[in-house]
Each structure stands twice: as structure tokens, then as C-alpha cells.
Amino acid sequence: MSRFLSKTSKALLPYTPGEQPQGVKLIKLNTNESPYPPSPNVARALLQGFKGCEWDAAAAKNADAAGGDEALSLMPPEIANLRLYSDPEEKPLMKAIADYYGVDSDQVIGGNGSDEILAFAFKAFCDEEAPLLSADITYGFYPALCQLFGIPYRTAALREDFSIDIEDYKNCGCNVIIANPNAPTGMAMPLSAIEEVLSSNPDRVVMVDEAYVDFGCESAVTLLDRYENLVVIQTFSKSRSLAGGRVGFAVASKELIADMNRAKYSFNPYNVNRLSMLAAAEAMKDKEYTKLCTGKIQKTRERTAQALTQLGFTVLPSKTNFIFAKCNAMSGKEYFDGLRRNNILVRRWDTEKIREYLRISIGTDEEMDIFLEVTKKLLSEKEAE
């Protein structure tokens, strides 16, 4: 760090992303990305501007030589329009999300990934007089954002079985954020439990982070008509295969969305780029493709969990695109290192409660078969010691 870094910034504990290898062939099961590509409709939408236009190196050279208006006329529309700022209201994308959930467009806000949506929500609703309560084991970006914004962050311990005790969240006097399903455990709560938290905190905002909701849960969006204090946050990174597009969104009452837009327009009004907006809108509309991919991932998840259980692992019940598992024959670090030596990346935290567990993203069937074979090999080597 430099000598110019402020005292406040020196104290920050940033979120640590999963490893993103470059130029190395690895089986990447560490960042909960989809193993499948985005909807074909996304590709069609992005390529539509090229129809009838032979845009190659020669065309680019001609446009460069022409300059000005002539260059603009020679260039594919979707590329030419990148000279313009994106729509800060994100109208086509907001409409696609609103249509999907049967709400009004002004009940939706978009962001540069759900992390930015979290930032808007935390900034809008939390401060020293309105602290935030969450689980002690959950998404690590929550405490990082709270520290950045100077928001008091309080935690409630998970039960021994890693489930959330909703009694800790009732009448708590804090704003609340619950990841449902939770990460990194993968476990989910029923909507009835979310509703109990909402009804017991009528004067506080309850945020439900549904990054993984499409892998076996019911969205809390269905509760919006009954609870004015509910904010539902989702992402296009998981079930819609657009992690690289960086698009997230929230659905809430018009009033709460207006509050979040106040934070957005004070910070980053043109926050979703044109191409990501276009891609996300098409992905949202293709319900059948999303259902197809999430269904395949769920089947692979259950098969992998069953295989690990038969190998003597402790595997938590998952409603996500990953599993949280403990190898009872070796330590979490030993298992993690063994997988890494065999070119398989997973995720591990050196935190007291969960240091023996690994979070394993669900890849293709072929990738998970290799993962299981390597696991068996590591177990055999351990037994032979």
C-alpha cells in the first residue's frame, strides 16, 4: 500500500474473490459459474446489428478511412451505439424483469452485478442508527460493504447443522439481509420463515439475497404485495450464465426502489452497459432455456452429493449450484490441496466453523466425473499412508 492510503481504508477487509486462472487448463469448480453458455437468444440479440453487414478487417479499415458520418453509417448499429451512454433507466431490461415476475417496471432496479445492488441497498437503508444483521457464515461481501460504508454489522450464529435460526431475526431492531439459499452452505429456508422475519420487523428493511434461488427455491417476490419492507435481490451470474456480463437486479415496492435509485444516481447512473443490458433482457425472456440448464445442474448436483455421501463425506443439503461438503478421512486443507495438485479448483475458507468444508461448484457431468475420480484417488492414497 502507498503512504497516501487513508487510515479508514487501511482498516478495510476486502472480499476475496475465487481464483481466476489464466492460460492454465483446470477444472474450475470454485466460483459458482454456470457450466453452460447463455441462452442462444442472447447471441442472436448481440449479433443482430451485424446482419447484412460484412464487418471484417476490410470494412473496419474503410470506416476508419471514411471518418465522421460515413464511418458511422458503415458500422454495425450495436457497435456504433457504444459511442452513446447507456440508458440509465435501463427500460428494456427493467421491462423484461418486471414481465417475468408480474410487477411494474418501477419496482425493479438494475446494477453492475448484484454486488452493486447490495451497495445501493446498504447505502439507502443502513447507517449508524440502522445497523445490519446477517448470519455469521454467509456471503463475505456483506461485512466488506458495511465496513466500507461505516455501517454497524451484527451477526447471528448459524445452528450446529448450519441452518438459520429465524428467532435471532425477529424483532431484532436492525435491517436484515438473508441469503436464501445461503452461501457457502447451500441451505435454504422456506418462504414461511422469511415471512416471519418480515412481519416481526415492520419498521426495518428485510433484504433477501436470492443469487441461487433458481436451483430449487421459491422466490420471495411473491410476498411483495404483503410487505412494504421487502427487497429481493438477484443476479444473472448463476442461473442465466452471464457472470461475465455483470448484471444484477432488485425487486421491491416502488418507494424502496426509488430510495435505491437515489443512491444509484448519486454514485453511478450509467451503471449497466448497453451490451450487457441487451444480453440480460434476452436471457430473462428465455424461461425454457433457464429451466433446462438449472434442471441439468440440479440433477448433476444430486448425483455428485450422493456419490460423495457414499464415499463417507458429510454433505449439506443444497438448493444451489454448488455443494458444501466435508471429507471425514482427511482435513479440509489436505483435500483442497490434493484437488489443486490434480488441477481441480474448489473453494475453502480458513474460518473456525467451516475450515473442514469445501464449497464445490457444479460443473458439467464430465467435469464432475473427473472430480469424483480424483477424490477416490486421494482417498486411496490417504488410506495407504
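The values are calculated or read from the model by the stated rules, or taken from the named source; none is laboratory data. Source: prediction; values computed, not measured. Cβ: placed from backbone, ideal geometry, glycine included. Neighbour counts: every protein chain shown.
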- Exactly one of (1) of a type outside the set (S, T, N, Q); (2) in contact with a Lys or Arg (Cβ under 8 Å, 6 or more places away or on another chain); (3) surrounded by 22 or more Cβ atoms within 10 Å (Cβ to Cβ); (4) touching a residue at least 60 places away in the same chain (Cβ under 8 Å) is unmet by Val197. Its number? (4)
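Okay, residues lined up against (1) under 20 Å from Leu118 (Cα atoms); (2) under 14 Å from the mean Cα position of the chain (by Cα); (3) not assigned by TED's automatic domain parsing to the domain that holds Arg226; (4) not hydrophobic (A, V, I, L, M, F, W, C):
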| position | (1), (2), (3), (4) |
| --- | --- |
| Ser163 | no, no, no, yes |
| Cys172 | no, no, no, no |
| Ile178 | yes, yes, no, no |
| Glu196 | no, no, no, yes |
| Ser199 | no, no, no, yes |
- Query: In segment 334-385, which residue that is under 23 Å from Phe215 (Cβ atoms) and of a type in the set (Phe, Trp, Tyr) is surrounded by the fewest Cβ atoms within 10 Å (Cβ to Cβ)?
  - Reply: Trp349
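A quick yes/no check of all residues on (1) assigned by TED's automatic domain parsing to the domain that holds Gly245; (2) at pLDDT below 65:
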| site | (1), (2) |
| --- | --- |
| Leu12 | no, yes |
| Thr16 | no, no |
| Lys25 | no, no |
| Ala59 | no, yes |
| Leu72 | no, yes |
| Met94 | yes, no |
| Tyr101 | yes, no |
- Tally, over segment 222-238, of residues that are touching a residue at least 60 places away in the same chain (Cβ under 8 Å) and crowded, with 22+ Cβ neighbours inside 10 Å: 6
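Every residue in segment 145-199 that is among the acidic types (Asp, Glu) and closer than 26 Å to Asp350 by Cβ, please. Please lay out each step first, then the result.
At the first step, the residues of segment 145-199 found to be among the acidic types (Asp, Glu) are 160-161, 165, 167-168, 195-196.
Result: Glu160, Asp161, Asp165, Asp168.
Considering only residues that are of a type outside the set (S, T, N, Q) and touching a Leu at 6+ places or on another chain (Cβ under 6 Å), look in segment 30-53 and name the one that is modelled with the lowest pLDDT. Break it down into steps so the answer makes sense when it comes.
Filtering segment 30-53 for residues of a type outside the set (S, T, N, Q) gives 33, 35-38, 40, 42-47, 49-53.
Retained after the next criterion (residues that are touching a Leu at 6+ places or on another chain (Cβ under 6 Å)): 38, 45.
Details: Pro38: 93, Ala45: 81.
Only one residue fits best here, namely Ala45.
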- Query: How many of the residues making up segment 139-182 are part of a loop (DSSP other than H, G, I, E, B) and buried (at least 22 other Cβ atoms within 10 Å of the Cβ)?
  - Reply: 4
- Take segment 302-348 and flag every residue that is out of contact with any helix residue (DSSP H, G or I) (no Cβ under 7 Å at 6 or more places or on another chain), closer than 15 Å to Asn30 by Cα and not in a helix (DSSP H, G or I). Phe322, Phe324, Asn343, Leu345, Arg347
